[in-house]
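The structure under discussion appears below in the form of structure tokens.
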Amino acid sequence: MSLHSWFMALAHSPLGHAMQTSKWDFAVVEMVHLLALALLGGSVLVIDLRLLGVILKGESAWDVGRDLGRVVMGSLVVMVLSGIALLSEEAGKCYYSPAFRWKMALLAGAILFYFTLHRSALKQTDKGRPASWARVAGVFSLALWLGVGIAGRAIGLL
Amino acid sequence: MPVLQHLCQLLYDSPIGTAIRESNIAFPVIESVHVLSITLVFGTIAVLDLRLLGLVLRQIPVSRIARNVLPLTWTGFGVSLVTGFLLFWAEAAKVYWNPAFRTKLVLLALVGLNPLVFHTTIYRRVEEWGYLAVFPWRARAAAVASLMLWSGVIVAGRAIAYFT
């Protein structure tokens, strides 16, 4: 099955049908998506500002990252699930939307980065000041997540 | 016409209100900044609230987290207030009647009252309870109230668009 047929199957599923026909189904799922976004954004910001040595300087970056990482992961799961439901409303259109494609690419990048270099940067920084590569990792992480959000907002506008 | 409604109509008809409303990019750009700043407010206050509930960052004293995180919250709040007012300016005469907008304003007033009460009462004695494993119920209640009210603000804010 091609990727496009997966998108069409989603659009024609019972979930897609519910989202397309009920205004409030879509609204409620969108609100959940936004709430999880706010939680994820705040946690990522606090983690990265610690990594950059801006806030919570005396605390271990690794501990802050591990603890708030649970909030990031929890919110991410809610966002992906609610995101699939939102996608089902107009999957056929999203498949061709450049904003949607950008969002998925940036999201994949953000998650991959989060589990690899970002993780190492937190571990290596721990209680100290970040090395310059760790600072770059912090800024890059913020830019990736911000990019996901901006591309997401653009889906509805373009 | 009630005075508030009259005021909304004046804002709506003013050159700035009209310019934001009629521009293709001004409204979505201001709106995006508004959403981002709300993320900053809710996300950072949620970290503090989750700490008060003992769910995250238990090894860091709550007063340290408050000192480090609240400036971010206030920054976000300032930006969301300015951008929110600009959005209101453009749509004032319409949102005057919007039930979601009215709900949002009430929730904002309540969500402002919550830290006012928290900081002038239980938080004043944070030195006495900040080291405990479980915080006094009034501190936890303030955290739950904050999480629920801010969620309500976001939900009501998003609902504004569904009532026009």
### Summary
Filtering the range A:120-158 down to residues that are exposed (fewer than 15 other Cβ atoms within 10 Å of the Cβ), touching a residue at least 24 places away in the same chain (Cβ under 8 Å) and closer than 15 Å to B:VAL35 by Cα yields A:LEU157
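Could you tell me which of the residues B:ASN114, B:ASN98 is out of contact with any Cys (no Cβ under 8 Å at 6 or more places or on another chain) and open to solvent by less than 30 Å² (accessible area, probe 1.4 Å)?
Details: B:ASN114 fails: open to solvent by less than 30 Å² (accessible area, probe 1.4 Å).
Sole residue among the options that is out of contact with any Cys (no Cβ under 8 Å at 6 or more places or on another chain) and open to solvent by less than 30 Å² (accessible area, probe 1.4 Å): B:ASN98.
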### Summary
Apart from one, (1) closer than 28 Å to B:ILE160 by Cβ; (2) more than 9 Å from chain B (Cβ to nearest Cβ); (3) surrounded by 20 or more Cβ atoms within 10 Å (Cβ to Cβ); (4) of a type in the set (Gly, Ala, Ser) all hold for A:ALA99; the odd one out is (3)
### Scan of the range B:8-43 for residues that are among the hydroxyl-bearing types (Ser, Thr, Tyr) and under 16 Å from A:LEU34 (Cβ atoms), ordered by number
B:SER32, B:SER37, B:THR39
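Yes or no, residue by residue, for (1) within 14 Å of chain A (Cβ to nearest Cβ); (2) open to solvent by less than 70 Å² (accessible area, probe 1.4 Å); (3) free of Cβ contacts under 8 Å to residues at least 12 places away in the same chain; (4) within 20 Å of B:LEU36 (Cβ to Cβ):
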{"site": "B:THR121", "(1), (2), (3), (4)": "no, yes, no, no"}
{"site": "B:VAL126", "(1), (2), (3), (4)": "no, yes, no, no"}
{"site": "B:TRP129", "(1), (2), (3), (4)": "no, yes, yes, no"}
{"site": "B:ALA133", "(1), (2), (3), (4)": "no, no, no, no"}
{"site": "B:PRO136", "(1), (2), (3), (4)": "no, yes, no, no"}
{"site": "B:VAL144", "(1), (2), (3), (4)": "no, yes, no, no"}
{"site": "B:TRP150", "(1), (2), (3), (4)": "yes, yes, no, yes"}
{"site": "B:VAL155", "(1), (2), (3), (4)": "yes, yes, yes, yes"}
{"site": "B:THR164", "(1), (2), (3), (4)": "yes, no, no, no"}
#### Entry: Residue match in the range A:4-15 (condition: within 10 Å of chain B (Cβ to nearest Cβ) and hydroxyl-bearing (Ser, Thr, Tyr))
no
### Message
Against the condition assigned to a loop (DSSP other than H, G, I, E, B), within 13 Å of chain B (Cβ to nearest Cβ) and charged (D, E, K, R), how does A:GLU30 come out, does it pass?
### Response
no
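For (1) over 29 Å from A:ALA121 (Cα atoms); (2) within 19 Å of the chain's Cα centre (by Cα); (3) assigned to a loop (DSSP other than H, G, I, E, B), each residue gets a yes or a no:
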{"residue": "A:VAL54", "(1), (2), (3)": "no, no, yes"}
{"residue": "A:GLY65", "(1), (2), (3)": "no, yes, no"}
{"residue": "A:CYS94", "(1), (2), (3)": "yes, yes, no"}
{"residue": "A:PHE100", "(1), (2), (3)": "yes, yes, no"}
### Task
Inspect all residues belonging to the range B:31-54 and state whether any of them is open to solvent by 30 Å² or more (accessible area, probe 1.4 Å), free of Cβ contacts under 8 Å to residues at least 24 places away in the same chain and not in a helix (DSSP H, G or I).
no
### Query
Could you say which residue among B:VAL79, B:VAL106 is under 20 Å from B:PRO28 (Cα atoms) and modelled with pLDDT of 95 or more?
B:VAL79
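Conditions (1) free of Cβ contacts under 8 Å to residues at least 12 places away in the same chain; (2) surrounded by 20 or more Cβ atoms within 10 Å (Cβ to Cβ); (3) of a type in the set (Asp, Glu); (4) not in a helix (DSSP H, G or I), marked per residue:
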residue: B:VAL56; (1), (2), (3), (4): yes, yes, no, yes
residue: B:ILE60; (1), (2), (3), (4): yes, no, no, yes
residue: B:LEU70; (1), (2), (3), (4): no, no, no, no
residue: B:TRP74; (1), (2), (3), (4): yes, no, no, no
residue: B:THR83; (1), (2), (3), (4): no, yes, no, no
residue: B:TRP89; (1), (2), (3), (4): no, no, no, no
residue: B:LYS94; (1), (2), (3), (4): no, no, no, no
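Checking the condition open to solvent by 10 Å² or more (accessible area, probe 1.4 Å), within 10 Å of chain B (Cβ to nearest Cβ) and assigned to a helix (DSSP H, G or I), which residue from A:LEU35, A:LEU106, A:LEU76 passes? Break it down stepwise before answering.
Details: A:LEU106 fails: within 10 Å of chain B (Cβ to nearest Cβ); A:LEU76 fails: within 10 Å of chain B (Cβ to nearest Cβ).
Result of the check over A:LEU35, A:LEU106, A:LEU76: A:LEU35.
The values are calculated or read from the model by the stated rules, or taken from the named source; none is laboratory data. Here the structure is a predicted model, which means the values were calculated and not measured. When we count neighbours, we look across all protein chains shown, and the Cβ atoms used for this are built from the backbone with ideal geometry, even at glycine. Ligands, DNA and RNA are stripped out before the accessible areas are found, and what is left, the full protein with its side chains, is counted by its heavy atoms. Shrake-Rupley method; radii C 1.70, N 1.55, O 1.52, S 1.80 Å.
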